[in-house]
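This report concerns only the one structure given below.
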Amino acid sequence: MNKTFGLILALFLSLTLNAVEPALENSKVREALNAMQGKPAPELRLDGWMNSKALDLKKLKGKIVVLDFWATWCGPCIASIPKTNEMVKKYADKGVVIIGVCHQRGAEKMEATAEEKGIKYPIAVDKGTNEDYKANSFPDYYIIDRKGNLRWADIANRDVEKAIEHLLAE
């Protein structure tokens, strides 16, 4: 009886814990992204910061970092700004930092877009971060855990908060 109960409990816990894992996007570079996960996140190569001084991942250890790869010409990226602003407000006092990585193409419009759309979180122009993280669609979300490891690369947009909540519970 105890063995049966133990097996059922183990199965239940396994299913429950997997249920909180965020879904990953089906990317052409998924194999390379999977190989990056669980390893130290590449340093940020960004310039032209807005809404913050330049941020450094080494100084952000102990915090959960969400990288939002976006572009000024990307309709879904622009549409996601209000939701991202809400997440910034919701998680600000919980040690979560959201950084918008603006694609170089169209970056000359970043400041105007930020002002027009009311972006409240730190944003900066990509100077190699897209390449280092293999970001190949927009918006793409990458989550870095408190230890500075890339936990999830290119997660499903709908699961960003699920990923944050998962890491907050650890």
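The values are calculated or read from the model by the stated rules, or taken from the named source; none is laboratory data. Predicted model only: the values in this text are computed from it and were never measured. Virtual Cβ from ideal backbone geometry, glycine too; neighbours counted across all protein chains shown. With ligands, DNA and RNA removed, areas are computed over all heavy atoms of the protein, side chains included. Shrake-Rupley method; radii C 1.70, N 1.55, O 1.52, S 1.80 Å.
Miscellaneous remarks
- Selection count where residues are open to solvent by 40 Å² or more (accessible area, probe 1.4 Å) and either touching a Phe, Trp or Tyr at 6+ places or on another chain (Cβ under 8 Å) or hydroxyl-bearing (Ser, Thr, Tyr) (or both), scope the range 61-77: 1
- Residue tally, condition open to solvent by 70 Å² or more (accessible area, probe 1.4 Å) and over 15 Å from the mean Cα position of the chain (by Cα), over the range 40-53: 4
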